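Mind having a look at this structure? Questions to follow.
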Amino acid sequence: MPIVTTIEVNGLMCRAHHGVMPQERAVGNDFAVTVHIDYPACRAVMSDELGSTVNYAELCDLIKSVMDTPSQLLEHVCGRMHAALMERFPMTKGGFIRIEKLSPPISGVQMHSAAVSIKW
């Protein structure tokens, strides 16, 4: 039976300019991004070589790159990130993306975050 491994990047902190409000686009906000990628790990288990796995340093660079392009909706950011992940890591068999906007600017409300997540 093939071994499926999950590479996890949990709570990568980013400053980005996503949001509907002009102030969010101008000033930006803090975000925490979590990405899990499921992939067959047989080669990595046997070889102990970086080239046979999903390099999580590359995964972090990809996440930061996607977060650098402003969008109005977090759903759109998740969709762009999914497309970029699938292009860069085509061996991916499934995964999870969660983007949290920390302390969203909602008048009269205090909360830790608002988030969007997708699974495939």
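With Asp38, Asp68 as the choices, which residue is acidic (Asp, Glu), surrounded by 15 or more Cβ atoms within 10 Å (Cβ to Cβ) and under 22 Å from Ile118 (Cα atoms)?
On the way: Asp68 fails: surrounded by 15 or more Cβ atoms within 10 Å (Cβ to Cβ).
Asp38 is the lone residue from the list that is acidic (Asp, Glu), surrounded by 15 or more Cβ atoms within 10 Å (Cβ to Cβ) and under 22 Å from Ile118 (Cα atoms).
Looking for whichever is among the basic types (Lys, Arg), at pLDDT 90 or above, in contact with a strand residue (DSSP E or B) (Cβ under 8 Å, 6 or more places away or on another chain) and surrounded by 15 or more Cβ atoms within 10 Å (Cβ to Cβ) here; the options are Lys93, Lys101. Which one fits? Steps first, answer last, please.
Numbers: Lys93 fails: surrounded by 15 or more Cβ atoms within 10 Å (Cβ to Cβ).
Exactly one of Lys93, Lys101 is among the basic types (Lys, Arg), at pLDDT 90 or above, in contact with a strand residue (DSSP E or B) (Cβ under 8 Å, 6 or more places away or on another chain) and surrounded by 15 or more Cβ atoms within 10 Å (Cβ to Cβ), namely Lys101.
Kindly provide the set of residues from the stretch 1-19 that are surrounded by 10 or more Cβ atoms within 10 Å (Cβ to Cβ), free of Cβ contacts under 8 Å to residues at least 60 places away in the same chain and in a loop (DSSP other than H, G, I, E, B), ordered by number.
Hits for the stretch 1-19 are Ile3, His17.
Is it the case, given these coordinates, that Ser65 is small (Gly, Ala, Ser), assigned to a helix (DSSP H, G or I) and modelled with pLDDT of 95 or more?
Answer is yes for this residue.
Of the residues that make up the stretch 35-55, is at least one more than 16 Å from Thr5 (Cβ to Cβ) and either hydrophobic (A, V, I, L, M, F, W, C) or more than 13 Å from the chain's Cα centre (by Cα) (or both)?
no
Identify, from the list Gly79, Gly108, the residue that is out of contact with any Ser or Thr (no Cβ under 8 Å at 6 or more places or on another chain) and surrounded by fewer than 13 Cβ atoms within 10 Å (Cβ to Cβ).
Gly108
Turning to a different aspect of this structure: Name every residue in the stretch 77-120 that is of a type in the set (Lys, Arg) and in a helix (DSSP H, G or I), in order of residue number.
Arg80, Arg88
Also, I was wondering about something else. Could we say that Glu24 is among the acidic types (Asp, Glu) and either surrounded by 15 or more Cβ atoms within 10 Å (Cβ to Cβ) or touching a Cys at 6+ places or on another chain (Cβ under 7 Å) (or both) here?
It is true that Glu24 is among the acidic types (Asp, Glu) and either surrounded by 15 or more Cβ atoms within 10 Å (Cβ to Cβ) or touching a Cys at 6+ places or on another chain (Cβ under 7 Å) (or both).
Within the stretch 80-119, restricting attention to residues that are charged (D, E, K, R) and over 13 Å from Val33 (Cα atoms), which residue is farthest from the chain's Cα centre (by Cα)?
Looking at the filtered set, the residue picked out is Lys93.
The values are calculated or read from the model by the stated rules, or taken from the named source; none is laboratory data. In this text the structure is predicted, and so the values were computed from the model without any measurement. Counting neighbours? That spans all protein chains shown, and the Cβs are built from the backbone with ideal geometry, glycine included.
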